[in-house]
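Peer 1: Pasting in a structure now, in structure tokens, and then I'll have a few things to ask.
The values are calculated or read from the model by the stated rules, or taken from the named source; none is laboratory data. Keep in mind that what you see is a predicted model, and the values were worked out from it rather than measured. Every residue, glycine as well, gets a Cβ built from its backbone with ideal geometry; the counts of neighbours run over all protein chains shown. When the accessible area is computed, the model is the full protein with side chains, heavy atoms only, and any ligands, DNA or RNA have been set aside. Shrake-Rupley method; radii C 1.70, N 1.55, O 1.52, S 1.80 Å.
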Amino acid sequence: MFAHGQTVIQLMEQLAPKHYAVENDKIGLQLGTLNKSITKILVALDVTDAVVDEAIEHGAELIIAHHAIIYRPLAKLDTSTAAGRLYEKLIKNDIAVYISHTNLDVADGGINDWLADLIGIVPDGRQCLEEVHTDKLYKLVVFVPESHQEQVHEAIWRAGAGEIGNYSNCSFNIKGTGTFVPGAGTTPYIGAQGKLEKVDEIRIETIVPYSVHRKTVQAMLKAHPYEEVAYDLYPIDLKGRSFGLGRAGKLAQPVTLGELAERAKQIFDVPTVRVVGSLDRVVRKAAVLGGAGAKYVRHAVFAGADVLITGDIDYHTAHDALAAGMTIIDPGHNIEKVMKQQVADWLNKQLASSKSETEAIPSSLNTEPFTFV
């Protein structure tokens, strides 16, 4: 059985939730409809005319891309223009386009983590360059009979509740007595209709991040034996985990700037890189940011990085970096192409787990607009 379009996007938004995106970013469904079955998904960095032809060739009904095809409100749809012809081809072939941009950059296990992994930044102590989103925290309180205390505990912890810093499975439990009278039409797990029941219960309290609060409540309700569950969920004035753009951290081994530049050429499959700084300088801590990173030089300096690896560095920013003691490797904007295989693999794993026949395939096309001579 093939997955419905909305189901595919629900899976995609588990990887890159929409609320992670920076303000006013053009993400989500940009063209077409998701109200259909999807047999094939084409994952692309950019949606170009050639990429649409590739989608048609593979019979894909959905393109999931990183870069938006609609940046600003359309005053008209003129099919004599290049953009108009692209939209027309997509519509005529019933291909929907969904964009996952800065939310995929920010996400754990998203583009910036993939780039950091490739560069060799160790996961331990890895930090973001700029905070974009902080997960709000909630307190979940639920009353459960002693017989099901562990069952409910396990369910809410598996859903992502109970994490405080580097500690997991955190909760506080109090014994007490619950009272209730089952009314007409009820089928109580304990007690009988019309009779006051007193039950030894446990009050479980735990922390739940906003990003998983619905999942946690659903898991708790499923594990709980009662027909009507007594629980509270309320916000608390504590800062949760922060998510952001870019990554910085220690390299597994110190290298020279020149050696790291050569590594970048190989792992990102680019013929050349631009380097700012002395090639002999030893690099121990690196920062990386997919896309255009000119405005993040000071963030890299603040993070204590020796080098910033990013794209689209301009002349004056390069001089500012030198003055600040920061080195730069610019392999270009197109290195974000790592998302094609990674997103396709992630989606295929999720689809397979639900026994769906829908397949995600990475675009094989190189959408780098520059030719290196």
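Peer 1: Using +1 on the beta carbon of Lys and Arg, -1 on that of Asp and Glu, and nothing else charged, what's the dipole of the chain about the Cα centre, debye to 20? Working shown, then result.
Peer 2: Working: 36 positive and 46 negative charges, 76 e Å.
Charge dipole of the chain: 360 debye, to the nearest 20.
Peer 1: Considering only GLY291, ALA50, GLY325, whose Cα is most displaced toward the positive end of the charge dipole of the chain, charges sitting on Cβ of Lys, Arg (+1) and Asp, Glu (-1)?
Peer 2: GLY325
Peer 1: Spin-label point model (7 Å from Cα, Cβ direction): what's the LEU196 to SER168 distance in nm?
Peer 2: 4.5 nm
Peer 1: Also: Over all Cα pairs of region 85-191, how is the pair count split among 10 Å bins, expressed in % and running from 0 up to the last occupied bin?
Peer 2: 9, 22, 22, 18, 16, 10, 2
Peer 1: Let me ask something else about it. Viscosity 1.567 mPa s, temperature 4 °C: what is the translational diffusion coefficient of region 252-373 from Stokes-Einstein with a Kirkwood Rh over Cα pairs, rounded to a whole number of µm²/s?
Peer 2: Working: Rh = 15.9 Å.
The Stokes-Einstein estimate is 82 µm²/s.
Peer 1: In a GNM of the chain with a 10 Å cut-off on Cα contacts, which of VAL144, VAL288, VAL307 has the highest mean-square fluctuation?
Peer 2: VAL144
Peer 1: If you don't mind, there's one more thing I want to ask. Only bridges with both residues in region 234-358 count here: give the DSSP antiparallel percent, nearest 5. Show your work: numbers first, answer last.
Peer 2: Values: 9 of 16 bridges.
So the antiparallel bridges in region 234-358 amount to around 55 percent.
Peer 1: Using a 7 Å offset from Cα along Cα-Cβ at GLN218, what residues in region 125-161 end up with backbone N under 16 Å from the label point?
Peer 2: Under cut-off, by backbone N: 155-161.
Peer 1: Using a simple charge model, +1 on the beta-carbon of Lys and Arg, -1 on the beta-carbon of Asp and Glu, nothing else, what dipole does region 95-234 show about its Cα centre, in debye to the nearest 20?
Peer 2: Values: 11 positive and 19 negative charges, 101 e Å.
Dipole size: approximately 480 debye.
Peer 1: Let me ask you something else. Along each of its three principal axes, how wide is the spread of alpha-carbon positions in region 1-153, in whole angstrom units, largest first?
Peer 2: Its Cα atoms span 67, 39, 31 Å along the three principal axes.
Peer 1: Using a 1.4 angstrom probe and counting only protein chains, how large is the accessible area of SER211 in Å², to 10?
Peer 2: So the heavy atoms of SER211 present about 50 Å² to solvent.
Peer 1: For region 220-329, what is the number of Lys pairs with C-alpha distance below 24 angstrom, counting only pairs 8 or more positions apart or on separate chains?
Peer 2: On the way: LYS250/LYS265; LYS250/LYS285; LYS250/LYS295; LYS265/LYS285; LYS265/LYS295; LYS285/LYS295.
Value for region 220-329: 6.
Peer 1: Rounded to the nearest 10 Å², what accessible area does TYR210 have for a 1.4 Å probe in the complete protein model?
Peer 2: The accessible area of TYR210 comes to roughly 80 Å².
Peer 1: As a test of the formula, what do you get for the chain when each DSSP H run with n ≥ 4 contributes -39,500 (n - 2.57) and the sum is divided by the residue count, at 222 nm and rounded to the nearest 500 deg cm²/dmol? Provide the component values of the computation, followed by the final result.
Peer 2: Values: 11 runs with 109 residues, N = 373.
Mean residue ellipticity, 222 nm, calculated: -8500 deg cm²/dmol.
Peer 1: How big is region 166-317 by the Kirkwood estimate over distinct Cα pairs, in Å?
Peer 2: Working: mean 1/r = 0.0473 Å⁻¹.
Evaluated on region 166-317, it is 21.2 Å.
Peer 1: Given the convex hull of the Cα atoms of region 89-151, what is a quarter of its surface area in nm²? Write down the numbers at each step before the final one.
Peer 2: Numbers: hull surface 40.0 nm².
Across all orientations, region 89-151 yields a mean hull projection of 10.0 nm².
Peer 1: So, one more: Whole-Å semi-axes of region 293-342's equivalent ellipsoid, largest first, each the root of 5 times a Cα gyration tensor eigenvalue?
Peer 2: Numbers: eigenvalues 96, 30, 11 Å².
Sorted largest first and rounded, they come to 22, 12, 7 Å.
Peer 1: Give LYS18/LYS337; LYS215/LYS355; LYS40/LYS340; LYS40/LYS92; LYS136/LYS337 a once-over and call out the pairs whose C-alpha atoms are over 23 Å from each other.
Peer 2: Numbers: LYS18/LYS337 20 Å; LYS215/LYS355 21 Å; LYS40/LYS340 14 Å; LYS40/LYS92 17 Å; LYS136/LYS337 31 Å.
Beyond 23 Å: LYS136/LYS337.
Peer 1: For the chain, just say rounded, prolate or oblate: build the C-alpha gyration tensor, square-root its eigenvalues into a ≥ b ≥ c, call rounded for a/c under 1.5, and beyond that prolate if a/b exceeds b/c, oblate if not. Provide the component values of the computation, followed by the final result.
Peer 2: Numbers: a/c = 2.80, a/b = 1.53, b/c = 1.83.
Oblate, because a/c is 1.5 or more while a/b does not exceed b/c.
Peer 1: Hey, another quick one. If you split all Cα-Cα distances of region 313-368 into 5 Å bins from zero, what percentages do you get per bin, shortest first?
Peer 2: Bins of 5 Å from zero give 4, 16, 17, 12, 10, 10, 9, 9, 6, 5, 2, 0 percent of pairs.
Peer 1: Among bridges DSSP assigns within the chain, what percent are antiparallel (round to 5)? Provide the component values of the computation, followed by the final result.
Peer 2: On the way: 44 of 63 bridges.
Bridges in the chain are about 70 percent antiparallel.
Peer 1: Within region 1-105, which GluC sites (Glu not before Pro) sit in a loop by DSSP and count at most 11 neighbouring Cβ atoms inside 10 Å? Intermediate results must be reported in sequence, preceding the final value.
Peer 2: Numbers: sites: GLU13, GLU23, GLU54, GLU57, GLU61, GLU88; in loops: GLU23, GLU61.
Passing sites in region 1-105 are GLU23.
Peer 1: Next up: Pulled fully out, how much extra length does the chain show between ALA82 and ASP108, if you take 0.36 nm times their separation in residues and subtract their Cα-Cα distance? Could you put the intermediate results ahead of the total?
Peer 2: Details: separation 26, 0.36 × 26 = 9.36 nm, distance 3.55 nm.
Stretched out fully, the ALA82 to ASP108 stretch lengthens by 5.8 nm.
Peer 1: Taking H as built 1.01 Å from N, whose amide H comes closer than 5 Å to the amide H of VAL132, not counting residues under 5 places away?
Peer 2: Distant-sequence amide H within range of VAL132: PHE243, GLY244, LEU245.
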